[in-house]
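The values are calculated or read from the model by the stated rules, or taken from the named source; none is laboratory data. This one's a predicted model, so the numbers in the text were calculated from it and none came from an experiment. Cβ: placed from backbone, ideal geometry, glycine included. Neighbour counts: every protein chain shown.
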Amino acid sequence: MVPCVSVRKAVIPAAGLGTRLLPATKAIPKEMMPLLDRPAIQRVVEEAVDVGIRDILIVTSRNKEALADHFDRSPELESALEDKGKSAAAEAVRRLSDLARIHFVRQPEPLGLGHAVSMARDHIGDESFAVLLPDDVMTSPRALRSMLALHERGGRTVLALLRVSREEIAALGAADAEEIAERIHRVRSVVEKPRPEEAPSELAVIGRYVFSPEIFDALDRTPPGVGGEIQLTDAIGLLTREGEVLGWEVEVERHDCGNKLGYLKAFVSFALQDPEVAEPFVAWMRERLPGAGPDEST
Ligand code: G1P
């Protein structure tokens, strides 16, 4: 019988340095870079909450106190805003601390993404859980929802897959996979940051995962890999040899916010979804884009 494996918990590894956005990230964690009116980490937490996950563990490192402050209650700020009649802003601040039960654990040394995920073992216990990498920002929770549905059907590991170019795959995990139904792949193996000519395909593993607790044992058995770090991809590689790993080819916009262009695209995508600014922003862009004609959609 298929076990009941509803996923209640998520892990967000947020211990990385953010060197590609320096100097912006010199004094603030990269996860706090705003995407329009909220920091990237809040977008990712909201994605988890949107699919029904209310227990979130954020793995941090030194100098990341701003993350805990962001999700903490702020009674002084709330009452100062109320006193000034700014109740919408007060409500936005209050909503933040009610969003989810957010827990923190520190990764003492930068030993890799796999190591960061293994820090969640005590908190997760014997349950299935999702992992959301905060550099990868999705403009809709649809992909994660589909991945959870796939997991519920069989309790297997589910990876998010995205077709990218050969050049791009060198910076990502790559999957050797076979499509068994629309958007659903059986993953035969995975490799972290392959040379473009050695990549098994152009299907990249991107930053959403659903795991059963077996991943922790696999991580324990994973030696350091690329960059001398314990790679999550290598632990998943063990799982592909021992059981079934599925991939969901994502159907939503995904942006790598850890670099300038990806960050900019994510920012603009959220601006285009925002009812307050979308229309005037598009009008402003049209004036500035060389060769772009007037809006013909109206
Ligand atoms: C990590 C994973 C990699 C994945 C990528 C997605 O790499 O190790 O497999 O493709 O996230 O963003 P990182 O970006 O930490 O180098």
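Restricting to the range 170-194, and then to whatever is outside any strand (DSSP E or B) and within 15 Å of the ligand (Cβ to nearest atom), can you tell me which residue is nearest to the chain's Cα centre (by Cα)?
L172
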Is it fair to say V158 is under 13 Å from I236 (Cβ atoms), in contact (Cβ under 8 Å) with a residue 40 or more places away in the chain, of a type in the set (A, V, I, L, M) and more than 10 Å from the ligand (Cβ to nearest atom)?
yes
Look through E76, E91, E109 and report the one residue that is within 25 Å of F267 (Cβ to Cβ), free of Cβ contacts under 8 Å to residues at least 24 places away in the same chain and more than 20 Å from the chain's Cα centre (by Cα).
E91
Could you list all residues from the range 47-103 that are in contact with a strand residue (DSSP E or B) (Cβ under 9 Å, 6 or more places away or on another chain), surrounded by fewer than 19 Cβ atoms within 10 Å (Cβ to Cβ), within 25 Å of G207 (Cβ to Cβ) and among the small types (G, A, S)?
S61, A66, A68, A100
Scanning the range 183-199 residue by residue, those of a type outside the set (A, V, I, L, M) and either buried (at least 21 other Cβ atoms within 10 Å of the Cβ) or touching a Ser or Thr at 6+ places or on another chain (Cβ under 7 Å) (or both) turn out to be H185, R188, S189, E192
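Per-residue answers, yes or no, for (1) within 16 Å of the ligand (Cβ to nearest atom); (2) more than 15 Å from the chain's Cα centre (by Cα); (3) touching a residue at least 60 places away in the same chain (Cβ under 8 Å):
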site	(1), (2), (3)
L21	yes, yes, yes
A27	no, yes, no
M33	yes, no, yes
I41	yes, no, yes
E47	yes, no, yes
T60	yes, no, no
N63	no, yes, no
D72	no, yes, no
S165 passes all but one of the listed conditions (1) out of contact with any helix residue (DSSP H, G or I) (no Cβ under 7 Å at 6 or more places or on another chain); (2) crowded, with 18+ Cβ neighbours inside 10 Å; (3) of a type in the set (S, T, N, Q); the exception is number (2)
Against the condition within 24 Å of V44 (Cβ to Cβ), in a helix (DSSP H, G or I), without any contact (Cβ under 8 Å) to a residue 60 or more places away in the chain and within 16 Å of the ligand (Cβ to nearest atom), how does L272 come out, does it pass?
no
Among A130, A171, A160, which is of a type outside the set (V, I, T), touching a Lys or Arg at 6+ places or on another chain (Cβ under 6 Å) and under 22 Å from E31 (Cα atoms)?
A160
Just one of the numbered conditions (1) more than 10 Å from the ligand (Cβ to nearest atom); (2) modelled with pLDDT of 95 or more; (3) surrounded by fewer than 24 Cβ atoms within 10 Å (Cβ to Cβ); (4) farther than 30 Å from Q273 by Cβ is not true of L148; which one?
(4)
Could you tell me whether V117 is buried (at least 20 other Cβ atoms within 10 Å of the Cβ), within 15 Å of A14 (Cβ to Cβ) and not basic (K, R)?
yes
Residues of the range 113-142 being over 21 Å from Y263 (Cβ atoms), of a type outside the set (V, I, T), over 11 Å from the mean Cα position of the chain (by Cα) and outside any loop (DSSP other than H, G, I, E, B), which ones?
G114, H115, A116, S118, R121, D122, H123, F129, R142
For the range 128-167, name all the residues that are in contact with a strand residue (DSSP E or B) (Cβ under 7 Å, 6 or more places away or on another chain), farther than 29 Å from D55 by Cα and not aliphatic (A, V, I, L, M).
R163
